[in-house]
1. For A:Val51, only one of the following conditions fails: (1) modelled with pLDDT of 85 or more; (2) surrounded by fewer than 18 Cβ atoms within 10 Å (Cβ to Cβ); (3) touching a helix residue (DSSP H, G or I) at 6+ places or on another chain (Cβ under 9 Å). What is its number?
2. Kindly evaluate B:Gln59 against the criterion of being surrounded by fewer than 16 Cβ atoms within 10 Å (Cβ to Cβ), closer than 30 Å to B:Phe230 by Cα and not small (Gly, Ala, Ser).
3. Could you please tell me which pairs satisfy a Cβ distance under 8 Å, a separation of 6+ or placement on different chains, a first residue in segment B:177-201 that is at positive phi, and a second residue that is outside any loop (DSSP other than H, G, I, E, B) and surrounded by fewer than 19 Cβ atoms within 10 Å (Cβ to Cβ)?
4. Which members of segment B:11-20 meet the condition of being within 17 Å of A:Leu76 (Cβ to Cβ) and surrounded by 12 or more Cβ atoms within 10 Å (Cβ to Cβ)?
5. Answer with yes or no whether A:Gln24 is within 14 Å of chain B (Cβ to nearest Cβ), over 30 Å from A:Ile165 (Cα atoms) and surrounded by fewer than 23 Cβ atoms within 10 Å (Cβ to Cβ).
6. In segment A:196-208, how many are in a helix (DSSP H, G or I) and touching a helix residue (DSSP H, G or I) at 6+ places or on another chain (Cβ under 9 Å)?
7. Filter segment A:151-169 down to residues that are in contact with a Ser or Thr (Cβ under 9 Å, 6 or more places away or on another chain) and touching a residue at least 40 places away in the same chain (Cβ under 8 Å) and give me whichever is farthest from A:Phe15 (Cα to Cα).
8. Check A:Tyr141, A:Tyr175, A:Tyr171 and return the single one that is away from chain B (no Cβ under 14 Å) and not in a helix (DSSP H, G or I).
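The values are calculated or read from the model by the stated rules, or taken from the named source; none is laboratory data. Everything quoted here is computed from the prediction, not taken from an experiment. Glycine gets a Cβ as well: all are built from the backbone with ideal geometry, and neighbour counts include every protein chain shown.
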Amino acid sequence: MAEKINYKDVLFNPFSKNNPVVVQVLGICSVLAVTAKLAPAIVMGISVIAVLAFANVIISLLRNTIPTNIRIIVQLVVVAGLVVIVSQVLKAFAYDVSVQLSVFIGLIITNCILMGRLEAFAMGNKPWPAFLDGIGNGIGYTIILVITGFFRELLGSGTLLGYQIIPQWCYDHGYANNGLMILPPMALIVVACIIWVQRSYNKDLQEP
Amino acid sequence: MNKQSNVYTIIYIIVLVAVVGTALAFISMGLKERQTANVNADKMRQILASVHITPDKSQIIPDFEKYITAQLVVNSEGQQIGTDAFSINVEEQSKISDPAKRELPVYVCTLADGSVKYILPAYGSGLWGPIWGYLSVDSDGSTLYGAYFGHEGETPGLGAEIEKPIFCDQFNSNLHMFKNGQFHPIEVVKAGQKPANPDADYVDGISGGTITSKGVGAMIDNCIAPYQAFLNSLSNN
């Protein structure tokens, strides 16, 4: 390949400057759905990192053999296979979380981040950079998921990872959990706030 | 080799699907046992929750074996037709429209103080998907002892509140299914309202979760009513 790839950029750019959720605005659906509590958000993030990294590697290994006109189908088969594996493993080893995440593990298949990375990066790069790209984008997605889950669980349920954080005396003095935080619309608003903060720090991301 | 030819494309996709399919089949088979164990343990946890026993994860199976001292399968006449209540699929049974044809599981629970409770499962539909529950009844066959409700995807903060203590704990010993010799399964009504049948005991539904609450009422009506003969025979003893 003529263009030299900077591995560091491939791994770290998706964390902030090219974040799949807040810059590319992909994968919003699952951000809304699984971030009411922090624990499922973390598991979902790890699942996406695993699926994305391995799908990227597999597609990158196959990239020179895949017939062009069925490449999307091949990508889908690979992603769907990996997602089913993750879902089965969760059911066997983390049953509670798999119940909480229910259909959303299955819906990783339709997460635009995956198809986006496979089509845009893995189809044209060697396995190692593709792996880094998958890890990077997965972590970028997870960061947003965890930040959103943190605020939604803290303000919506007064807990973090199930442990009570807001002390009882706050409730005794009239504090109440914000029920709106556990509903999906608030995830959109929290993500919007993250985008706002990020854009105000990174001036070059601001659109004119 | 021409990678864009039809033959190559077809062979490619067949091989890919066969490889992925085989891999998935092996993984599914390998994990099956663990998954079934998890599902069963979760069911045991829910059954125990209806008699206010909430063991730690590792204690679920020992506690289930300790407290659930017998399992019965009865028919709508109240006669015993089996002993393996755990393997009865309540979802399928609840969809049989003729109660006389249903197989009704009963879990007999002996608490630490020696008192005996009967746990009856139920299955129905809420607003977005299935809901289910377990009601425990005192040995008089009429007084309630506790309840557990679960759901698949009700709205958090609204319909999903049926699994919270604030709703479940209403199913307590203040409620009786037999009143003046008449059998009325518990009704669920809007807070502040009275049930259609003035004799029936009732609990308050959840504001904002009306359809789910009504689903709980309908579920109890559908799944607990066939136990009338069985409960009656308990109260006669």
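1. All conditions pass for A:Val51, except number (2).
2. Working: surrounded by fewer than 16 Cβ atoms within 10 Å (Cβ to Cβ): yes; closer than 30 Å to B:Phe230 by Cα: no; not small (Gly, Ala, Ser): yes.
So B:Gln59 does not fit the description; no.
3. What qualifies is B:Gly192/B:Asp204.
4. Looking only at segment B:11-20, we keep the residues that are within 17 Å of A:Leu76 (Cβ to Cβ), and these are B:12-20.
Once the filter is applied, which keeps residues that are within 17 Å of A:Leu76 (Cβ to Cβ) and surrounded by 12 or more Cβ atoms within 10 Å (Cβ to Cβ), segment B:11-20 yields B:Tyr12, B:Ile13, B:Leu16, B:Val17, B:Val19, B:Val20.
5. Values: within 14 Å of chain B (Cβ to nearest Cβ): no; over 30 Å from A:Ile165 (Cα atoms): yes; surrounded by fewer than 23 Cβ atoms within 10 Å (Cβ to Cβ): yes.
In short, no.
6. The first filter runs over segment A:196-208 and keeps only residues in a helix (DSSP H, G or I), leaving A:196-201, A:203-205.
Imposing the further condition that a residue be touching a helix residue (DSSP H, G or I) at 6+ places or on another chain (Cβ under 9 Å) reduces the set to A:198-199, A:205.
Of the residues in that region, 3 qualify.
7. Once the filter is applied, the top-ranked residue is A:Glu153.
8. Values: A:Tyr141 fails: not in a helix (DSSP H, G or I); A:Tyr171 fails: not in a helix (DSSP H, G or I).
Answer to the check: A:Tyr175.
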